[in-house]
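The values are calculated or read from the model by the stated rules, or taken from the named source; none is laboratory data. Since we're looking at a predicted model, the values are computed, not measured. Backbone-built Cβ (ideal geometry, glycine too); neighbour counts: all protein chains shown.
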Amino acid sequence: MKTKNLLFKLLALLLAFGLAAGGCGNDDDDAESAPPATEAPTAAPTEMPAEVPEPDDGMDGECMETYEVRYANLATFILYFRDLEAGLSDFGAENCWNFSAADAAYVIEDQVAQIEDFVTQGVDLIIASPGDRQALIPAYEVAGAAGIPMLSTGDSVQQAAPEIGFIGTDWGVEGTKQSEWMVDQLDGSGKIARIGGPGASEYVEKRRDGFEEVMAANAGIEVVFNQSANSFTTEEGLRLAQDALTANPDLDGIWADSDALALGAAIAVEEAGIDHADILISGTDGEPAVFDQIRSGTGVDMTIALRGYQWGWQTAEVAHQYLTAGSTGQGYFIQAPTFVVDADTIEGMTNADLR
């Protein structure tokens with residue numbers, strides 16, 4: 001672990017606990033108004049680095065300095081987050097990290113508590129995938145007061161708290177991509193159901209904005225069903241798709257906020273006796289089961305592969321740059337790789353290529 005002044009750590013932790021106690025009842029809205037970064041994102045590489053970076057150590061592969069790094073994972077039951085954690089872990093194993101992660105299972109209160117626990121451990125850096133833009137701000141502030149840098153990945157708190165950076169994508173753009181693909185496939189005419197994700201994360205809210213903007217610009221598309229799931233699960237996708245199809249048996253497309261929800265929708269279509277060729281289903285994440293269905297034309301027709309493993313590796317590179325140089329060397333927003341996958345683009349690509 002990096003050497004730190006003991007007195008500084010004690011003072012920092014006392015200040016951190018003071019902020020945590022005061023932040024619980026803080027209902028200040030000023031933080032939410034902080035604008036996101038305005039500089040243009042730099043295109044990210046879409047493949048893994050050709051060579052794994054050499055360990056940041058001294059001689060004979062022995063680490064001269066080890067870094068204590070923690071990851072507050074939002075939900076390992078989602079493949080994207082499992083892959084992201086794997087990318088972080090693999091990079092850390094090669095670069096002198098003592099790395100561990102905590103799984104909040106999409107319980108926001110648990111994620112807040114996990115970050116605060118990392119702070120009490122006096123670690124060198126905390127990486128988080130915040131599940132709620134507002135609820136995580138106090139935990140970020142506790143870390144900042146203790147002098148521990150916070151790096152966001154997947155979702156962010158939009159610079160409302162001390163983040164050293166955000167490795168991600170514009171979820172509004174990703175929602176637009178998915179929506180425009182469906183409109184194009186339907187030649188601008190048809191009935192669509194939207195199955196949204198739960199909660200108030202940047203991911204859910206901005207993707208919904210992208211969806212609504214595209215639909216508003218296409219008068220021939222009628223959104224006949226628009227509901228949010230209680231969780232990102234196949235069961236929820238099945239339940240809501242059943243409701244949508246019962247009310248609208250002539251549905252032309254189902255737009256889902258995740259691949260798990262899309263897979264549930266595909267089951268509902270099958271159970272309803274509808275030919276998969278007669279209805280479009282789109283999702284996002286990068287589930288191997290979805291890739292297989294796209295190849296065979298038997299269920300989900302399109303997804304946006306988030307490439308979680310590559311995303312995690314890229315996040316780790318940014319974190320390591322900060323640990324070793326005191327700066328990420330980049331602006332606040334750092335674009336992560338995503339890839340639109342359908343029957344045309346998946347040709348010649350394996351599931352591993354898209355991880």
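Only strands (runs of 3 or more DSSP E) whose full extent lies in region 157-229 are considered here, and the ones with at least 1 residues that are under 29 Å from residue 108 (Cβ atoms) and assigned by TED's automatic domain parsing to the domain that holds residue 319 are 163-168. Taking the stated definitions as given, is residue 225 of a type in the set (Phe, Trp, Tyr), surrounded by fewer than 23 Cβ atoms within 10 Å (Cβ to Cβ) and more than 30 Å from residue 166 (Cβ to Cβ)? Yes; evaluated as a whole, the condition is true for this residue. For residue 112, the criteria (1) closer than 21 Å to residue 317 by Cα; (2) crowded, with 22+ Cβ neighbours inside 10 Å hold in every case but one, which is (1).
Within region 132-145, restricting attention to residues that are part of a loop (DSSP other than H, G, I, E, B) and out of contact with any Gly (no Cβ under 8 Å at 6 or more places or on another chain), the residue that is surrounded by the most Cβ atoms within 10 Å (Cβ to Cβ) is 136.
Residues in region 146-164 that are over 13 Å from residue 115 (Cα atoms) and in contact with a Gly (Cβ under 8 Å, 6 or more places away or on another chain) were compared, and the one that is surrounded by the fewest Cβ atoms within 10 Å (Cβ to Cβ) is 162.
Would you say residue 141 is modelled with pLDDT under 95, under 19 Å from the mean Cα position of the chain (by Cα) and among the charged types (D, E, K, R)?
So residue 141 fails the test.
Within region 311-334, restricting attention to residues that are of a type in the set (S, T, N, Q) and over 19 Å from residue 81 (Cβ atoms), the residue that is surrounded by the most Cβ atoms within 10 Å (Cβ to Cβ) is 328.
Filtering region 58-74 to residues that are hydrophobic (A, V, I, L, M, F, W, C) and at pLDDT 95 or above leaves 69, 72, 74. Beta carbons closer than 8 Å, at least 6 apart along the sequence or on distinct chains, never pair a first residue in region 253-281 that is at pLDDT below 95 with a second that is outside any loop (DSSP other than H, G, I, E, B) and of a type in the set (Phe, Trp, Tyr). Do we have residue 271 as buried (at least 17 other Cβ atoms within 10 Å of the Cβ) and farther than 18 Å from residue 334 by Cα here? Spelling it out, it is not the case that residue 271 is buried (at least 17 other Cβ atoms within 10 Å of the Cβ) and farther than 18 Å from residue 334 by Cα.
The residue that is farthest from the chain's Cα centre (by Cα), among those in region 116-131 that are in a helix (DSSP H, G or I) and crowded, with 24+ Cβ neighbours inside 10 Å, is 119.
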